[in-house]
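The structure appears right after this line, and notes come after that.
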Amino acid sequence: MSGNPILSQILLVTGKELMDMLRDYKALVPGVLLGLLLGPLLTCFAPQMVVGQVQKAAQENLHVALVGDGGQLYKMLRSSPGLKIVPLSFEAAGSSGAINDYSEEQLLKELEQEKVQVIVQAPTGFSASIDGFAAGVPGPAVKPELKILYTGRNPESSYAGIRMLSVLNSSKEKFMDARIKVAGIKVEEAPVLDMKVVSPPTDGLFASPFLARVLSSILVFVAFIGAIYPAIDLLTGERERGTLEPLVITPVSRRCLFAGKLISVTCISYMFVIANLIGFYVSQFFQPPLLDILPFPLAAKLPLLCAVWAALLMLPLCLSLAVSMLALAGMARTVQQAQGYFTSLMFVAMLPMGLGLSGDVHLNLPLSLVPFLGSLVTINDILEARYNPALMALSVVVSLLFTVLLVLVAAPTMEREDLMFGVEEAPARRYEAGKFGRELFLLCSAVFLLMFYLSQSLVVMHHIWGLLLTQILVVFAPAFMLVYFWLKLPVRTVFGLEKPSGGVVSCLGAALTAPLTFVAALAIAHLQSQFLPSSKALEKMMEQILGLGHEPLWLLLLIVALSPGICEELLFRGLIFSLLRKRLRQGQLILAVGALFGLFHMSVMRFLPTAILGMLLTFIRLRSRSIYPCMCLHAAHNGMAVLLASYVKSDLPAHYLVIAGLTGLCGLSLFLWSTRKT
Amino acid sequence: MSLLVNGVSKRFYDKARGEFYGCREISFEVKPGEVYGLLGPNGAGKTTTLRVVSTIYSPTAGGASINGVDIVRDPQTARKMLGFLSSTSGLYERLTAREILTYFGRLCDMPQDVLNKRIESLIDALEFRSYADTRVAKLSQGTRQKVSIARSIIHDPLLMILDEPSTGLDVLAAYAMHEFVRQERADGKCILLSTHTMSEAEKLCDRLGIISEGRLLASGTIEELKELTGKSNLEEVFVHLVRNAAQAAAL
C-alpha cells in the first residue's frame with residue numbers, strides 16, 4: 001500500500017464494503033428506485049391524477065338533480081351548458097320541476113351511491129318568490145336559499161359542487177341584470193380593476209412552496225433508510241455471518257475497519273439522497289401544465305443551485321446518521337434485534353416531517369445551534385430563498401462539530417469486546433473500571449426522551465403536580481432502576497449518599513452559596529438576552545399552564561425547590577457522576593456533567609445558566625465526596641427563585657444583588673474551608 | 001518461530017451464571033513444525049483460549065508471544081504472523097473467492113504482485129480453480145471450506161490457529177483438512193488446534209493439552225499422557241483426567 005498507510009487501509013475497507021453492498025440488489029434496488037421515483041410520484045403523478053379527474057369532470061356533463069320547489073330553478077338551469085338535469089333514482093323521468101320533498105338522508109344516500117353528482121334543493125315557495133321578484137314585487141316571501149348537496153368523498157362530486165355554485169352564481173347575475181332592466185335602473189359600468197402581482201426578487205433561487213415544505217423531510221427520511229440497512233449488514237450482519245473474526249485478526253486496526261464501514265454506509269445513504277434529488281430535479285420538467293389552475297401549491301420548482309445546496313448540506317447529516325446507525329447496530333446482538341431497534345427509530349426519522357410541513361419555522365440563533373434540526377431548517381430556508389449567511393454558516397459549523405463528536409464517540413465501537421463479541425464483565429468490575437458508556441447512553445436517551453414526551457404531557461395534565469411526577473418518574477425512577485434492579489450496584493456508593501467531608505458545615509456553606517449562583521444565573525440570563533430572543537412569552541405561558549401564581553408557597557417550595565434538589569442531584573451528581581468518574585479527568589468530568597445538566601433542561605435560553613450551575617454542583621460533589629451539599633445548594637438555588645417570584649414583583653435593586661453575591665461568596669468560602677484537606 | 005502461551009485467563013459474566021472463567025491460567029508452548037492440540041469436551045474453554053491467542057479477545061490475565069512478539073502489547077505485528085480458521089468462520093457471500101483472497105491479502109499489506117502469485121498457487125493447491133470467480137453464495141460447503149483455508153493462510157502465516165477445523169465437514173472434506181494440517185507442519189509452521197474428537201487428536205497432534213472447565217489439566221505427547229495417568233489409550237486418559245478434575249472441583 002502506497003501513500004498514507006492508514007488512509008489506504010480505510011479506503012481498501014470502504015471499497016470492499018461498497019462493492020459488497022452494491023451487489024445486494026434485493027436491498028439496494030428498491031431503495032434507489034424509491035429515491036428516484038419519489039420525486040416524479042409526488043410532483044408529477046399525484047397532481048396529474050388530481051388534474052386528470054378534474055379535467056374529466058370538466059369535460060363531462062354535470063349530472064344534477066333538482067328537488068324541493070324547483071320549478072323556477074328548472075327554468076333557470078335547463079339551458080345552462082354542461083348541465084344535465086336528471087331525476088333521482090326513485091323519481092319518474094321528467095318529474096324535475098315538480099314540487100317534491102325528500103329527507104336529507106334520502107338525498108345523501110343517492111349521492112353516496114353515485115347515482116347523481118350533485119343535488120340542488122330549493123325551499124318551499126322558492127319559485128313563487130323568484131316570480132314575484134322578477135315581476136318587481138318588493139320583499140320576497142321566502143328567502144331564496146338554495147342548498148347544494150354533494151359528497152366530499154368523491155372528487156367528481158366535490159368538483160360538481162363547486163361548479164354548481166359557479167353556475168348558480170352566474171344565473172343569479174343574469175337574473176339580477178334582467179331585474180335591473182325591468183326596473184329601468186341605469187347602472188354605470190364599474191371601472192376595470194388594474195391588478196399587478198408584486199413578488200420580491202428571488203434571483204431564480206426559489207423552490208415552490210410545495211417542495212420547500214416536503215423536500216428536506218423527504219431527504220432526511222431517505223438518508224435514514226439508506227443508512228439503516230448497510231449499517232446492520234456491515235456490523236451486526238458481519239458478526240452473525242461469522243466474518244467478523246477473520247476480519248478483526250488482520251493487521252488493520254479496528255478503528256480503520258470502522259472508518260471504512262462508516263464511509264461506505266455514508267456513501268450508500270448519500271446515494272439515496274442524490275437519487276432523490278435527481279428525481280425531484282428532473283421531474284419538475286415533466287409536470288402537467290394544468291397545475292397552475294389548482295388552488296393549492298403543487299407545482300414543483302427546484303432550481304439547480306437549491307438542489308446543489310441541499311445536496312451539500314445533506315452530506316454531514318448523512319455522516320451523522322451513518323455513524324449513529326453503525327453505533328446502534330453495534331449494540332444489537334442479531335440482525336433481527338437490530339431491525340427491531342431501527343423499525344421504532346423510523347418513527348423518529350419521521351419527526352422532521354412535522355417541522356417541514358408546518359412551513360413557518362425559519363432559521364434563528366437558537367435553532368442554528370441545534371445540530372441536525374438546524375441543518376434541516378437551513379435547507380428549508382434555502383428552498384424558500386431566505387438567506388441568512390451568518391446563521392447558515394453557524395448551523396453548518398454546528399452540524400460538522402456534532403458529526404465529528406459523534407464519530408469520536410462511536411469510533412471505538414469495533415474495539416469493544418462487549419459490543420462485538422458479547423464479552424461482558426460483571427457490573428461491579430465495570431463500575432470499578434468506569435466502563436458504563438452503553439448504560440450511560442441508554443440512561444441519557446431514556447431520560448431525555450421521557451423529558452421530551454412524558455414530562456410535557458404530565459405538566460399539561462396535572463399542572464404543578466406534573467412537575468413532581470416528572471421528578472419522580474422521569475428523573476429519579478430510571479436512575480434508581482438502573483442502579484438497583486439492572487446493574488445491582490451499591491446504591492449508597494453510586495448515588496454518593498455518604499457523609500460529606502466537611503460535615504454539616506459543608507452542607508450549610510453549599511446552601512449559602514445559593515444567592516451567588518442565583519445572581520450569576522440572572523447575570524447570564526441578562527447577557528444572553530442581549531443576543532438571543534427573549535423567552536418571556538414562553539415563561540409566561542409555562543407559568544399559566546402550571547398555575548404557579550395560585551399555589552401555596554410551601555407547595556411551590558416542595559415541588560420546585562426540594563424535589564429537583566433531591567431527584568436531579570441523585571441523577572446527575574449521583575449516578576451520571578459516578579458512571580463518568582473513572583473515565584474522565586476532574587476538569588472533563590465537571591464540564592461533562594455540567595453540560596448534560598444544561599442539556600437536560602431542554603431550552604437554549606436555560607442551557608448556559610443551568611450548565612454553569614451543574615458544573616459548580618459537580619465541583620462540590622467532587623470536593624465533598626457526597627451528594628448532600630449538592631442537594632442543599634440545588635434546593636436553595638431553586639428556593640430563592642420561588643421566594644423572589646412570590647414576593648418581589650419588580651426587578652431587584654442593584655445593591656440587593658451585591659449583598660446576595662457577597663453572601664454567596666461567604667457561603668462558598670465556608671464550604672471550601674469546611675472541605676479543606678487536613 | 002514458536003508460540004508461548006503464559007498463564008492466559010479470560011473472565012466472562014452473564015446475568016444467569018454470574019462471573020466465570022472461560023479459561024484460567026493456561027500455559028503451553030508450540031514449537032516450529034509442531035501440531036499442538038487442545039483436547040476437551042464442549043464448553044471446556046478451547047475456543048476461548050484460541051480466541052485470546054489469536055487476539056480476538058484480550059486476556060484478563062497472562063499473555064502470549066508469537067516469535068517473541070507480545071500479542072497484548074503489539075497485536076498488529078502479532079496478527080501478521082498468525083492465521084485463524086474456525087468452523088464457524090464465514091465468508092462474504094456476495095464476493096467471489098478470488099475477491100475475498102485479494103481483500104484479505106491486501107488487508108495483510110501484501111504487495112499486489114506477490115499477492116496475485118500467492119492467490120494462483122493457493123487456488124491450484126486447494127483445487128478450486130473452476131470456482132475461483134464464482135460468488136461464494138453459489139459454492140458448496142466443501143469449496144467454501146477450501147476458500148476459508150486459503151483465506152486464513154493467504155499471508156503465509158507462521159502460526160496457524162484452527163478451532164475445531166473438521167467440525168461439520170464430510171469425510172472427504174475432513175480428510176482434505178487433515179492433509180492441509182500435515183502439509184503446514186511439513187513446511188515448519190506452528191499449528192495450534194482444538195478438537196473434541198480423540199481420533200483427530202491422535203491422528204494430527206504431536207503434543208496435546210487436555211482442557212476442562214477452563215483449566216489445562218495436563219500437557220504432553222500422547223505417550224507422556226498415558227504414562228502420567230497409567231491408562232492405555234487416549235480416550236481413557238481423557239476421561240480419567242476430566243473426571244478427576246471434576247471430583248477435585250466438587251470437593
When you look at the Cβ of every residue in B:63-76, what mean number of other chain Cβ atoms sits within 10 Å?
1
Span per principal axis, largest first, for the Cα atoms of region A:441-674 (Å):
48, 44, 35
Kindly rank A:480-490, A:466-476 from highest to lowest mean number of other beta carbons found within 10 Å of each residue.
A:466-476, A:480-490
Sorted by chain and then number, the residues having a modelled amide H within less than 5 Å of the amide H of B:F84, at least 5 places away or on another chain, are B:I161
Counting DSSP beta bridges in chain B, what percent are antiparallel, to the nearest 5?
50 percent
Among the aspartates and glutamates, which fall within straight-line cross-link reach of A:K181, defined as a Cα-Cα distance under 15 Å, with same-chain neighbours fewer than 8 residues apart omitted?
A:E173, A:E189
Work out from phi, with θ = phi - 60° and the Karplus expression 6.51 cos²θ - 1.76 cosθ + 1.60, the ³J(HN,Hα) of each residue of region A:571-580, listed in order in whole Hz, and give x for Gly and Pro.
6, 7, 7, x, 5, 4, 4, 5, 5, 8
List every residue whose amide H lies under 5 Å from the amide H of B:V69, counting only residues 5 or more places away in sequence or on a different chain, with H placed 1.01 Å from N in the peptide plane.
none
What's the local net charge at B:S232, with K and R +1, D and E -1, over the other residues with C-beta under 12 Å away?
-2
To the nearest 10 degrees, the tilt of helix B:141-152 (Cα long axis) against the first principal axis of the alpha carbons of chain B is 90 degrees
Going by average Cβ density within 10 Å per residue, which order do the peptides A:408-417, A:626-635, A:235-244 take, highest to lowest?
A:626-635, A:235-244, A:408-417
Determine ³J(HN,Hα), in whole Hz, for all residues of region A:626-631 in sequence, where each value follows from phi through the Karplus function 6.51 cos²θ - 1.76 cosθ + 1.60 and θ = phi - 60°; x replaces Gly and Pro.
8, 8, 4, x, 4, 4
Taking every residue of A:112-121, the Cβ atoms of other protein chains inside 10 Å of its Cβ average out to 0
Gyration tensor verdict on the protein assembly as shown (Cα atoms; rounded if a/c is under 1.5, prolate if a/b is larger than b/c, oblate otherwise)
oblate
Normalised by the number of residues in region B:88-156, what is the relative contact order in percent for Cα pairs under 8 Å and 6+ residues apart?
49 percent
Between region B:15-33 and region A:231-278, what's the alpha-carbon centroid distance in Å?
32 Å
State the antiparallel share, in %, of DSSP beta bridges confined to the protein assembly as shown, rounding to the nearest 5.
50 percent
Let's see if you can work this out: charge +1 on each Lys and Arg Cβ, -1 on each Asp and Glu Cβ, no other charges. What is the dipole magnitude of the protein assembly as shown about its Cα centre, in debye to the nearest 20?
1680 debye
At R0 = 25 Å the Cβ-Cβ FRET efficiency linking B:E202 and B:L251, nearest 0.05, sits at 0.20
Sequence-separation-based contact order of chain B, relative, with Cα cut under 8 Å and 6+ spacing, percent:
27 percent
Peptides A:421-434, A:318-331: what's the order by average Cβ count within 10 Å, highest mean first?
A:318-331, A:421-434
Residue farthest toward the positive end of the dipole of the protein assembly as shown, with Cβ of Lys/Arg at +1 and Asp/Glu at -1: which of B:P157, A:H637, A:F452?
A:H637
What is the magnitude of the charge dipole of region B:88-156 about its Cα centre, with +1 placed on the Cβ of each Lys and Arg, -1 on the Cβ of each Asp and Glu, and no other charges, expressed in debye to the nearest 20?
240 debye
For region B:179-188, Karplus-derived ³J(HN,Hα) couplings (6.51, -1.76, 1.60; θ = phi - 60°; whole Hz; x for glycine and proline) come out as 4, 4, 5, 5, 4, 5, 5, 4, 7, x
How long are the three semi-axes of the equivalent ellipsoid of chain B, in whole Å, if each is the root of 5 times an eigenvalue of the C-alpha gyration tensor, listed from largest down?
32, 20, 17
Apply the a/c threshold of 1.5 to the C-alpha gyration tensor of region B:88-156 and tell me whether it is rounded, prolate or oblate.
prolate
Give the average, rounded to an integer, of partner chain Cβ atoms located within 10 angstrom of each Cβ in B:86-98.
4
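Every number in this text was worked out from the coordinates using simple rules, so none of it is lab data. Keep in mind that what you see is a predicted model, and the values were worked out from it rather than measured. Here the Cβ is made from the backbone with ideal geometry for all residues, glycine too, and neighbour counts use every protein chain on show.
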